[in-house]
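> Let me begin by handing over the structure; questions about it come next.
The values are calculated or read from the model by the stated rules, or taken from the named source; none is laboratory data. Remember, predicted model here, so these are calculated numbers, not experimental data. We place every Cβ from the backbone using ideal geometry, glycine too, and count neighbours over all the protein chains shown.
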Amino acid sequence: MERTFVMIKPDGVQRRLVGKVIERIEQSGLKIVAMKFMRVSTELASKHYEMHKGKSFYDGLIKYITSGPVVAMVIEGENAIAKIRKLVGATDPQDAAPGTIRGDFAQHIGRNIIHASDGEETAKREISLWFENEELVDYEMIDEQWIYE
């Protein structure tokens, strides 16, 4: 099983979309193996977005992600990274298909509700930034036999 990092950003929390986002993840057959509601420190935000340092939008991104609480999660399932990316939709909500989280709830690229790791290496890096190994919970869902062959 594959694991990926997902974060409901401050706009998703402020707009009371946490339950709807989690519902879509769970309904897709994926499971949550770690979750926390938290405020992001400037230090953590800087590490998370270090690849954007020096870009024109970097300072605004750090200010935004630290402006309110977020919900950080580790999601597990077969092909979890690709499945979550498809569920989330395009980064720019204007390009996101209806039925995706961003396509249904977001209006602007700078306030696009959710972050999801874009690949295996990114997922490993982000999970280790946001969670300690002890916070990841291994368990079996009772319906896994009906989800996976």
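> Taking Val21 as the residue in question, decide whether it is buried (at least 20 other Cβ atoms within 10 Å of the Cβ), in a strand (DSSP E or B) and of a type in the set (A, V, I, L, M, F, W, C). Lay out the reasoning, then the answer.
Details: buried (at least 20 other Cβ atoms within 10 Å of the Cβ): yes; in a strand (DSSP E or B): no; of a type in the set (A, V, I, L, M, F, W, C): yes.
Taking the combined requirement at face value, the residue does not satisfy it.
> Can you tell me which residue within the range 1-16, out of those that are surrounded by fewer than 20 Cβ atoms within 10 Å (Cβ to Cβ) and either assigned to a loop (DSSP other than H, G, I, E, B) or modelled with pLDDT under 95 (or both), is farthest from the chain's Cα centre (by Cα)?
Of everything passing the filter in the range 1-16, Met1 is farthest from the chain's Cα centre (by Cα).
> On to the next question. In the range 107-149, how many are without any contact (Cβ under 8 Å) to a residue 24 or more places away in the chain, surrounded by 12 or more Cβ atoms within 10 Å (Cβ to Cβ), within 22 Å of Pro69 (Cβ to Cβ) and not polar (S, T, N, Q)?
Within the range 107-149, residues that are without any contact (Cβ under 8 Å) to a residue 24 or more places away in the chain, surrounded by 12 or more Cβ atoms within 10 Å (Cβ to Cβ), within 22 Å of Pro69 (Cβ to Cβ) and not polar (S, T, N, Q) number 1.
> Exactly one of these conditions fails for Leu44: (1) more than 30 Å from Tyr139 (Cβ to Cβ); (2) part of a helix (DSSP H, G or I). Give me its number.
Condition not satisfied by Leu44: (1).
> Which condition does Lys86 not pass, out of (1) part of a loop (DSSP other than H, G, I, E, B); (2) free of Cβ contacts under 8 Å to residues at least 24 places away in the same chain, if it passes all the others?
Every condition holds for Lys86 apart from (1).
> Six or more apart or on different chains, Cβ under 9 Å: which pairs go from a residue in the range 21-39 that's closer than 18 Å to Phe131 by Cα to one that's among the β-branched types (Val, Ile, Thr) and assigned to a loop (DSSP other than H, G, I, E, B)? Could you list them?
From residues that are closer than 18 Å to Phe131 by Cα, the pairs are Ile32/Val137; Val33/Val137; Ala34/Val137; Arg39/Thr66.
> Say we look at the range 79-106 and pick out the residues that are among the charged types (D, E, K, R) and more than 14 Å from the chain's Cα centre (by Cα); which of these is surrounded by the most Cβ atoms within 10 Å (Cβ to Cβ)?
Within the range 79-106, the match that is surrounded by the most Cβ atoms within 10 Å (Cβ to Cβ) is Asp104.
> Another question about this same structure. Considering each of Ile101, Ile127, Ile113 in turn, give the residue that is of a type in the set (A, V, I, L, M), on the phi > 0 side of the Ramachandran plot and at pLDDT 95 or above.
Ile113 is the lone residue from the list that is of a type in the set (A, V, I, L, M), on the phi > 0 side of the Ramachandran plot and at pLDDT 95 or above.
> Here are some residues: Glu26, Glu50, Glu76. Which one is closer than 17 Å to Ser117 by Cα, among the acidic types (Asp, Glu) and surrounded by 13 or more Cβ atoms within 10 Å (Cβ to Cβ)? Walk me through how you get there before you give the answer.
On the way: Glu26 fails: closer than 17 Å to Ser117 by Cα; Glu50 fails: surrounded by 13 or more Cβ atoms within 10 Å (Cβ to Cβ).
Testing whether each residue is closer than 17 Å to Ser117 by Cα, among the acidic types (Asp, Glu) and surrounded by 13 or more Cβ atoms within 10 Å (Cβ to Cβ) leaves just Glu76.
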